[in-house]
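The values are calculated or read from the model by the stated rules, or taken from the named source; none is laboratory data. Bear in mind that the values here come from a model prediction, so they are computed numbers and not experimental data. Positions of Cβ are backbone-derived with ideal geometry, glycine not excepted, and every protein chain shown enters the neighbour counts. Note: areas computed on protein heavy atoms with side chains; ligands, DNA, RNA excluded. Shrake-Rupley method; radii C 1.70, N 1.55, O 1.52, S 1.80 Å.
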Amino acid sequence: MSQRADASQCGGVVVEFESDDIRDARAKKARSIPGSALIYLKGPKFLIYVSGALSMWGDRMWHFAISVFLIELYGHNLLLTAVFGLVVAGSVLLLGALIGDWVDRNPRNKVAHASLFIQNISVTVCSIVLMLVFLYKQRIEQIWDGWLTVVCYTVVIVLADVANLASTALTIAIQRDWIVVITGYNRGHLAGMNATMRRIDQVTNILAPLAVGQVMTLASNVVGCGFILGWNLVSLIVEFFFLSRVYRIVPALSIKPPVVEEAQVYLQRMERRRCREGNVAQPQPLTEGNCNTSLHLKEITDLPLCFRRFRWLVSTCKDGWRAYYRQPVFLAGMGLAFLYTTVLGFDCITTGYAYTQGISGSLLSLLMGVSAITGLMGTVMFTRLRKTYGLINTGIISSCLHLGCLLLCVCSVFAPGSPMDLSLLMPYINSNSSSELGGMTSQRQKHTYPLRGGSNQPLLPDRSSIHWTNNTVLFDNVPSGTAPESYFSIILLFLGVITARIGLWSFDLTVTQLLQENICESERGVVNGVQSSMNYLMDLLHFIMVISAPQPQHFGILVIISVLFITTGHTMYFLYAHKAKRKRRLDT
């Protein structure tokens, strides 16, 4: 029988004395027993997989459809989509710590059920509003001199943002907390569940937008809204039932650290601050002077309720960020966040650039399918490497593989066919230098795929017909122009982006499991909430980069900056790995 050390009071992972090979052999033997398949189908892991698949499928469909709906509503303009993206990123950035604190302070079943209900009902109501707007758009525009239309847009964006916040809370609760408890703090089983959940996410990321896109194309936007509405209602019922069953059959989920009341938490924070400032170097009785806790409690309760609530929210945010900073895996989490500041992914920026370089929409869709396969390969590689070399070394290997593949993207900037033109960013160059550079760039600009209005088109030009295919922007009614003389640069770019996803997803799973294993149970929600905030913050930076340099000729500079950010992120992980290994040697 396997021997295990008791889990720490802080929610740490138990020490395993049984090898992964022995456990895998026993698991295979158990599966060969008649009826074991039925037991597995009724078990918590399978129920979590099905619930996660339904949730991810709905999220992917909604994120794809809301972008299309906002473009259609605003006359094929990207303004509403940009506003929606800014609101979503800003809200998670500001409220991430509060969401995580709410997850920590409430029972697991209530958090999961409330998040699930708020998310699905918000999407349902938003779909109803969108259906009404599409059906009666002309009448709505005539009411209140068009202000009712603005109200409808605002309601749609607010409801979609609420749904995203609830989805964030549900992700933190299930994928960062429930999974750890369900696996019994077993590292091998935890790695397997994390990898499986990521594979489900990769598959739904491709298939869900295609499914709802076909409905919207073959029918209409109204039918598309109705399809999403029906899906969310059915998904709400199924997920609610499955999560409730998981909560019942895993008794450990009902055990959480005791919830501390607001006033007590505030007093504890004040006492800790006093200790740090040296104000309580000489302990005094609680009834005297500056250590009188009843006086502090009176100061709190004397404030108006709104001020007390605001003070509590600000204090919770500050303490959440402090808790994130003092985690032993802080550098690893920051390293993962830095990977979000990049244009080297299959988002609208990179695919928009590829379109300006003569890559067709069908080829882009094919490349996205290949990238999904390499992402799945990364999840498989993670489980193999972790079993052979350990979790920390898996992160090091994944980082090196990721950086090595991205060198191809750097080479693509200077390869034949690259449209990079540094003179566009240096207007102060003297006339002689400009004439010399002009001769060079004119030679290279013939490789640029020309668009209407000249070569200085932004990466996402406004077009009369825009199709979004899983974050890919395809434009209709664009003149074909002349094909570039060399595709070498764009081939190197996508070869690097696609192969790098193997190391990227393996590294992502590594850091995810490090956060799961090393964060105290009482802080698991708030720390992961801050991690989500950091991810959104770094993601915002890459959009600011594109706004600062929007032309295809600038894309090479964005590639180099992206690689620098990614290198910085992996360097942070290397520092964490060095500290962790040194601490392990000292402990032994």
Self-check item: Matching option when the condition is of a type in the set (V, I, T), modelled with pLDDT of 50 or more and surrounded by fewer than 20 Cβ atoms within 10 Å (Cβ to Cβ), among I392, I396, I429
Solution: I392
Quiz item: Within segment 334-344, can you find the residues that are part of a loop (DSSP other than H, G, I, E, B) and over 13 Å from the mean Cα position of the chain (by Cα)?
Solution: T342, V343, L344
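Let me confirm something: among V133, V123, V150, V156, which residue is assigned to a helix (DSSP H, G or I) and either open to solvent by 20 Å² or more (accessible area, probe 1.4 Å) or on the phi > 0 side of the Ramachandran plot (or both)? Steps first, answer last, please.
Details: V133 fails: either open to solvent by 20 Å² or more (accessible area, probe 1.4 Å) or on the phi > 0 side of the Ramachandran plot (or both); V123 fails: either open to solvent by 20 Å² or more (accessible area, probe 1.4 Å) or on the phi > 0 side of the Ramachandran plot (or both); V156 fails: either open to solvent by 20 Å² or more (accessible area, probe 1.4 Å) or on the phi > 0 side of the Ramachandran plot (or both).
Matching residue, one of V133, V123, V150, V156: V150.
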Quiz item: Within segment 369-389, can you find the residues that are touching a helix residue (DSSP H, G or I) at 6+ places or on another chain (Cβ under 7 Å) and aliphatic (A, V, I, L, M)?
Solution: V370, A372, L376, M377, M381, L385
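In segment 49-58, what residues are touching a Phe, Trp or Tyr at 6+ places or on another chain (Cβ under 7 Å) and crowded, with 21+ Cβ neighbours inside 10 Å?
The initial filter retains those residues of segment 49-58 that are touching a Phe, Trp or Tyr at 6+ places or on another chain (Cβ under 7 Å), namely 50-51, 58.
Of everything in segment 49-58, those that are touching a Phe, Trp or Tyr at 6+ places or on another chain (Cβ under 7 Å) and crowded, with 21+ Cβ neighbours inside 10 Å turn out to be S51, G58.
Quick one: which of I179, I128, I174 is modelled with pLDDT of 90 or more, surrounded by fewer than 20 Cβ atoms within 10 Å (Cβ to Cβ) and part of a helix (DSSP H, G or I)?
Numbers: I179 fails: surrounded by fewer than 20 Cβ atoms within 10 Å (Cβ to Cβ); I174 fails: surrounded by fewer than 20 Cβ atoms within 10 Å (Cβ to Cβ).
None of the others qualify; the one that does is I128.
Yes/no per residue for (1) under 18 Å from R198 (Cβ atoms); (2) open to solvent by less than 40 Å² (accessible area, probe 1.4 Å):
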| position | (1), (2) |
| --- | --- |
| V497 | no, yes |
| A500 | yes, yes |
| L504 | yes, no |
| L514 | yes, yes |
| G529 | no, yes |
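Among R187, R198, which is the only one that is of a type in the set (K, R), closer than 30 Å to I249 by Cβ and open to solvent by 30 Å² or more (accessible area, probe 1.4 Å)? Even if it seems obvious, please write down each step before you answer.
Values: R198 fails: open to solvent by 30 Å² or more (accessible area, probe 1.4 Å).
None of the others qualify; the one that does is R187.
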